[in-house]
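Encoded as structure tokens, the structure appears first; notes follow it.
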Amino acid sequence: QVQLVESGGGLVQSGGYLRLSCAASGSGSGFVTLRMGWYRQAPGKQREAVAIFTSGGSPNYTDSVKGRFTISRDNAKNTVNLQMNSLKPEDTAVYYCYARDLRTWRVYWGQGTQVTVSS
């Protein structure tokens, strides 16, 4: 079983920045075997992928955040981060950490962290 805990959300003005972090834990699950990413969901809207590491190890971003968001991972700390710059009101959503265990193909989700960007 893998547990994912997000942090770093908050309220920020348009043009500001935030850095989200996701800490992974769980016995029997090596962090390097997890394909990590970030999703987001606004109220009444479908959950969408924001940034996900590909099987080749490079990140894949949705078009609306390219050039503004950067995903990274720290295997020594078992964390994945999302640096969000030049934030826009359209970025307002609950952001969820995502992991797929490549050994079992099982998907895990964090509890979500709220990001609100004021205009």
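The values are calculated or read from the model by the stated rules, or taken from the named source; none is laboratory data. This one's a predicted model, so the numbers in the text were calculated from it and none came from an experiment. Glycine gets a Cβ as well: all are built from the backbone with ideal geometry, and neighbour counts include every protein chain shown. Keep in mind that these areas ignore ligands, DNA and RNA; they rest on the heavy atoms of the full protein, side chains included. Shrake-Rupley method; radii C 1.70, N 1.55, O 1.52, S 1.80 Å.
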Efficiency of FRET from Cβ geometry, residue 107 and residue 86, R₀ 25 Å, rounded to 0.05: 0.25
More than 14 angstrom apart: percent of Cα pairs within segment 51-119: 68 percent
Whole-percent carbon and sulfur share, accessible surface of the chain, 1.4 Å: 48 percent
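Restricting to the chain, what percent of DSSP beta bridges are antiparallel, rounded to 5?
90 percent
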Where the chain is the region considered: accessible area per residue in Å², 1.4 Å probe: 53 Å²
Ratio Rg/Rh [Cα only; Rh per Kirkwood] for the chain: 0.96
